[in-house]
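*Asks:* Pasting in a structure now, in structure tokens, and then I'll have a few things to ask.
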Amino acid sequence: MTHFSPLSGQEDIPENYHTVLYELERDGERTRVSLTQDNNSSEEAAEHSRANWEKMLAGLKEVVEAG
């Protein structure tokens with residue numbers, strides 16, 4: 001999927017969108033979720049995105065495990 005963050009301060013044009021890839025992998029009785037995102041403008045921006053995605057994935061895990 002593609003994703004644009006208005007918080008980036010960049011113009012809402014295709015060149016400023018990120019491609020986000022979700023991968024699901026069976027791990028025994030579990031499912032492993034991996035996420036990658038491209039087109040970060042700097043290492044600082046990549047770290048900010050990484051922290052946001054980690055929070056989102058932790059929330060997803062909590063909801064899924066709660067049933």
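The values are calculated or read from the model by the stated rules, or taken from the named source; none is laboratory data. Small disclaimer: the values here were computed from a predicted structure and weren't measured. Glycine gets a Cβ as well: all are built from the backbone with ideal geometry, and neighbour counts include every protein chain shown. The protein model used for the area step is the full one, side chains on, heavy atoms only, and it has no ligands, DNA or RNA in it. Shrake-Rupley method; radii C 1.70, N 1.55, O 1.52, S 1.80 Å.
*Asks:* Probe radius 1.4 Å, ligands and nucleic acids ignored: give me the carbon and sulfur share of the accessible area of the chain as a rounded percent. Working shown, then result.
*Replies:* Working: 2880 of 5650 Å².
Summing carbon and sulfur atoms, their accessible area is 51 percent of the total for the chain.
*Asks:* Explain nothing, just the number: dipole magnitude of the chain about its Cα centre with +1 on each Lys and Arg Cβ and -1 on each Asp and Glu Cβ, in debye rounded to the nearest 20. Present the calculation step by step, with values, prior to reporting the outcome.
*Replies:* Working: 6 positive and 14 negative charges, 58 e Å.
I would put it at about 280 debye.
*Asks:* Which order do ARG50, ARG32, ARG26 take by accessible area at a 1.4 Å probe, largest first?
*Replies:* Largest accessible area first, the residues go ARG26, ARG32, ARG50.
*Asks:* Classify the chain: rounded, prolate or oblate, from the alpha-carbon gyration tensor (a ≥ b ≥ c, eigenvalue square roots; a/c under 1.5 rounded; otherwise prolate if a/b is larger than b/c)? Walk me through the numbers on the way to the answer.
*Replies:* Values: a/c = 2.55, a/b = 2.14, b/c = 1.19.
Judged from the Cα gyration tensor, the chain comes out prolate (a/c at least 1.5, a/b above b/c).
*Asks:* Tell me, what is the percent relative contact order of the chain, built from C-alpha pairs under 8 Å that lie six or more residues apart? Before the final figure, lay out the partial values.
*Replies:* On the way: 52 pairs, mean separation 14.0, N = 67.
Contact order relative to length: 21 percent.
*Asks:* In degrees between 0 and 90, to the nearest 10, how far off the longest principal axis of the chain does helix 43-66 point, with axes built from Cα atoms?
*Replies:* 30 degrees
*Asks:* While we're looking at this one, here's another question. Please work out the average accessible area per residue across the chain, using the 1.4 Å probe convention, and give it in Å². Write out the running numbers ahead of the final one.
*Replies:* On the way: 5650 Å² over 67 residues.
Counting only protein heavy atoms, the per-residue value for the chain is 84 Å².
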